[in-house]
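Just so you know, all these numbers are worked out from the coordinates, no wet-lab data involved. Because the structure is a prediction, the values reported are computed rather than measured. In this analysis, Cβ positions are derived from the backbone assuming ideal geometry, glycine residues included, and neighbour counts consider all displayed protein chains.
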Amino acid sequence: MRVAVAGCCHGELDKIYETLALAERRGPGPVDVLLCCGDFQAVRNEADLRCMAVPPKYRHMQTFYRYYSGEKKAPVLTLFIGGNHEASNHLQELPYGGWVAPNIYYLGLAGVVKYRGVRIGGISGIFKSHDYRKGHFECPPYNSSTIRSIYHVRNIEVYKLKQLKQPVDIFLSHDWPRSIYHYGNKKQLLKTKSFFRQEVENNTLGSPAASELLEHLKPTYWFSAHLHVKFAALMRHQATDKEQAGKETKFLALDKCLPHRDFLQVLEIEHDPSAPEYLEYDIEWLTVLRATDDLINVTGNLWSMPENNGLHTRWDYSATEEAMKEVMEKLNHDPKVPCNFSMTAACYDPSKPQLQVQLVHRINPQTTEFCAQLGITDINVMLQKDKEEQHLCGEYEEQGDVGTDESEEDQSEYSTDTSALSSFNPDEIMLDEEEEEEEGPGGDMTTPSVEPSSHQASDLSTSFSDVRNLPSSMFVSSDDASHPPAGETVQSEDGESLADFPLKRLSNEHEPEQRKKIKRRNQAIYAAVDDGDNDE
C-alpha cells in the first residue's frame, strides 16, 4: 500500500492535503494512509491555542478547526502522534488515542493500531530526563511549567511498549532515537545542520528512550520529525538466538511543512491484501494496556517501573494468548476502531472570536467508552478524583509547584538531560527566550491571535513541489556519500523531475555569521500577517 509520511505539521492541514493531492496526480496512484510525526496542532478554538507551548505572538488558528467542525473532511485516513507544540488540552482528552476529527486519528500517549494488516505504533512527546519518571499529573488550566511538561515522554509509556513481542511494521516518534545519526549520511547531516555537531560527537542528540524502543521493537520503518531536516538511515540490528539474520530498520526523518522543504514522503509498503480496509485495534497492545492498568500514576513524584531485581512480585506484563482471547471477547470479536468521533468543545468561528474562552479539563466520551469496554482506568477521571481528594484534605497545590523544578537533580536512568533537540537549534522556537515578552506588556497569554499565517495563500503547485516517492527498498547512502538517493521522484506536469530543482531555503540558516541574530526559526509559521517583528 502507498503510505505518505509528514514531518512537523504545525497545523498546516490544508497545505499537506493539497500537496498530497499533487503527489497523487503526478505519481502512480492514490495514497492509502497519511502518517504525521508530531506538532500536529489539533486546535479547535481560542482556548486550545492558549494550551500550545509557543509564545503567544506565534499562536494562530491555522486550518484544523475546519476538519473538526465538519466543514472539511480529511481526504485520506490520517494517523498522528503528538510533538512539543500541540493543543495539549485537546490531546489529553484521548490518552489511549481516538478521533480528533472524522478520518483523523490520534495514537495517544503511546499506541499501536493496524491498518490493512500493517502494524503501526507510536509514542507522543519529546524526552526530558527530569520528567521521565513522573506520572501524568498535568491537567488544564496549565501554568508556565505544566504547559511544557505535559508533552514530555514518561517511562510508563516506554515500559508498556517494551512489553510487545509481536513484530511492528512502522513506528512513529517526534524526536529522533539517540545515535540514529551514526547509521546514515552523518557528514551530509552536519553539513546541513552544523549546530548539531557537538551533540552528535558527544552522542547526546536525540532521545535515549526512543533509542531503547528502537533496540527492543526493531520495526521495519521508523519515522520522526522535530529537528526540521530530512535524514535517512539504515540500522542493522544484531541477530538474536531465534533469528538467522538480524532485522533492519529503515529510519526517515522529515522537515517541517514549509515551501521547498522536504516535509512529505510517499512509500510503498507491503500489506496483507486480505486485511480489512479500515482501522483496527491491536489486540496485543490492548492486552498490555489492561495488564499495566494498575501502574498508572497521576502524581508528579518520581517512580520506577517494575523490573526483575527482587523488589517486585511482577515485572513481565507481556500479553499471553489467554489474555488476548479475553480482550477479543471484550471487543465482541470485532477489533474495528469505531467511528465514534464527537465534538467536545466549541469550534472556532471566524465571525465571532471568543478570546476569553474558559479552559476546562474535559472527559472525552471516546475515552470513556474505550475504558469501559476494556475495563481500564481513564487517566483524566483519576486526575479529577485525585484533585478533588486533595481539595477536601486541604492539600491541593497549584500544578506548577508539584515536581516541575527543572533544576532538580536528574533522577532518570539516563545520565544526560536532553529534549532530543540540539542545545542550539536556530530552526526551533526557544520558549525560554520569550519568557520576558510573555510576562511583559502585550504578552497576555489569554489573547492568542486568530489570524492566518502569512504564507497561507501560497500556490501549492509551485511552492510545495519537492515531494518524493520512495520505493519499498529504501536505500540509505553511507556516511561518505555525497548525495543520498531520493528514490522514485514525482514528475511535474511538464515532465521535469522535481528532484532536479535546487532546494530553496527561506533564509541563510546555515551561515555561521547569522547565528547570533537568530532567535526564532518558526517565524514563517507562527508570525501573523501584520507582524513586523521579523528577526530572521
### Summary
Which of K128/K247; K57/K134; K187/K256 exceed 25 Å between C-alpha atoms? The answer is K128/K247; K57/K134
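Rounded, prolate or oblate: which fits segment 1-65 when a ≥ b ≥ c are the square roots of the eigenvalues of the alpha-carbon gyration tensor, with rounded for a/c under 1.5 and prolate only if a/b beats b/c?
Numbers: a/c = 3.15, a/b = 2.61, b/c = 1.21.
The shape class here is prolate.
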### Message
Please list, ordered by chain and number, the residues whose modelled amide H lies under 5 Å from the amide H of W176; skip anything fewer than 5 residues away on the same chain.
### Response
S207
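Quickly rank 69-79, 135-145 as a protection proxy: mean count of other C-beta atoms within 10 Å, highest first. It would help to have the intermediate numbers written out before the result.
On the way: 69-79: 16.2, 135-145: 20.5.
By packing density, highest mean first, the sequence is 135-145, 69-79.
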## Note on the structure
Amide H contacts under 5 Å for C257, restricted to residues at least 5 apart in sequence or on another chain and with H modeled in the peptide plane, are C8
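With a ≥ b ≥ c the root eigenvalues of the C-alpha gyration tensor of segment 232-322, is it rounded (a/c under 1.5), prolate (a/b larger than b/c) or oblate?
Numbers: a/c = 1.70, a/b = 1.52, b/c = 1.12.
Prolate, since a/c reaches 1.5 and a/b exceeds b/c.
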### Summary
Distance in nm between Y278 and Q354 label points, each 7 Å along Cα→Cβ, equals 3.2
## Note on the structure
Sequence order, segment 115-129: Karplus ³J(HN,Hα) from phi using 6.51 cos²θ - 1.76 cosθ + 1.60, θ = phi - 60°, Hz rounded, Gly and Pro as x, gives 9, 6, x, 8, 8, 10, x, x, 9, 8, x, 10, 8, 9, 4
### Query
So how do 348-360, 22-34 stack up, highest first, on mean other-Cβ count within 10 Å?
22-34, 348-360
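If we sort 283-295, 56-68 on the protection proxy, mean other Cβ atoms within 10 Å, highest first, what's the order?
Working: 283-295: 20.3, 56-68: 22.6.
Packing order, densest peptide first, comes out as 56-68, 283-295.
Given a Förster distance of 25 angstrom, what is the FRET efficiency for H361 paired with S69, based on the Cβ-Cβ distance and rounded to 0.05? Numbers along the way, then the final one.
Working: r = 22 Å, r/R0 = 0.89.
Efficiency for this residue pair is about 0.65.
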### Message
Could you derive backbone 3J(HN,Hα) for segment 161-170 from the dihedral phi with the Karplus parameters 6.51, -1.76 and 1.60 (θ = phi - 60°), listing whole Hz in sequence and x where the residue is Gly or Pro?
### Response
5, 6, 7, 6, 10, 6, x, 10, 7, 9
### Task
Note the full-extension length gain between D294 and D386 as 0.36 nm times their separation in residues minus their Cα-Cα distance, in nm to one decimal.
31.6 nm
### Query
Which distance in nm do the two modelled labels at T240 and N301 give, with both placed 7 Å along the Cα-to-Cβ direction?
3.4
